[in-house]
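Below: one structure, written as structure tokens.
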Amino acid sequence: MKLLVLSGGRHPYEESTPILESFLKGAGHDVTVTEDAAVLSDGGEMGGYDAVVFNTRRENVPDFGDWRMTPEQQDGLSGFIRSGKGFVCIHISTCVADNWPEYHDITGGGWISGTSYHPPYGQFTVNVSNAEHAGCSGISDFSTSDELYMNLSIRDGNNVYITGTAEDGTWPWGPNRVETFMAGGTYPLGWTRKYGDGNVFVCLLGHDGRSFETPEFQKIVLNGVDWATQAA
């Protein structure tokens, strides 16, 4: 498949995106990587791609820069997916920007800065919640070093395929490192949904290079590309 990978923003993408590019190419995909979202508004060029893969954080982050997409770029992405193309959204790529609240209509929800949180980065178990789901093909429960996202915005209509479970805990959080209680429970870590005629595949794992090196994570992303491009 011909894939466009959009990278960039406040996360260690200098670690993760090269690994992503490598294992996508290793699986035989034709991969173009860019940090310039302008390509999304180029209908002629976008028509040649089977799917877009987001490994990026597209919001305005103080002291880090404004990575928000323009209305033309937003329309380009939403039109691309609605037309029947694939969208694979990794980790905090679900983060909604203040100039595009409708983005979560595409992703089925995800991270909201100032509301969502996670315990400290570390090792935890990822549980397969739907063994019949295409995203779980070839994997079973596994351990990874990553972030377990909590308190997300979640829309109706998501088909969850992996989850993670955490105990109650209080951790420093936010720019001022305020002690924050984080309720334990089982949280979705990956789901799929339709947007128009397109397939949307979300995996909330994938914080950094170490996370991307987890074999099961790589298999999930590859499964996601295969599933998302079924209609392409």
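Close lysine pairs were tallied over the chain: pairs 8 or more places apart or on different chains with Cα atoms under 16 Å apart number 4.
Spin-label model, residue 64 to residue 177: label points 7 Å out along the Cα-to-beta-carbon direction sit 1.7 nm apart. Rounded, prolate or oblate: which fits the range 63-145, taking a ≥ b ≥ c as square roots of the Cα gyration tensor eigenvalues, rounded meaning a/c under 1.5, else prolate when a/b beats b/c? Oblate. Estimated from helices alone, the mean residue ellipticity of the chain at 222 nm is -6500 deg cm²/dmol (sum of -39500 (n - 2.57) over DSSP H runs with n ≥ 4, per residue). Spin-label model, residue 154 to residue 141: label points 7 Å out along the Cα-to-beta-carbon direction sit 1.9 nm apart. Which of rounded, prolate, oblate describes the range 1-122, given a ≥ b ≥ c as roots of the alpha-carbon gyration tensor eigenvalues and a/c under 1.5 marking rounded, otherwise prolate only if a/b is larger than b/c? Oblate is the answer for the range 1-122, as a/c is 1.5 or above yet b/c matches or exceeds a/b. A crude spin-label estimate for the pair residue 168 and residue 14, with each label 7 Å from Cα along the Cβ direction, gives 4.1 nm.
Mean sequence separation of contacting Cα pairs (under 8 Å, at least six apart), scaled by the length of the range 2-228, corresponds to a relative contact order of 22 percent.
Only the coordinates and a few stated rules stand behind these numbers; no lab work does. Please read all numbers here as calculations on a predicted model, not as lab measurements. Note that we place each Cβ from the backbone using ideal geometry, even for glycine, and neighbour counts take in every protein chain shown.
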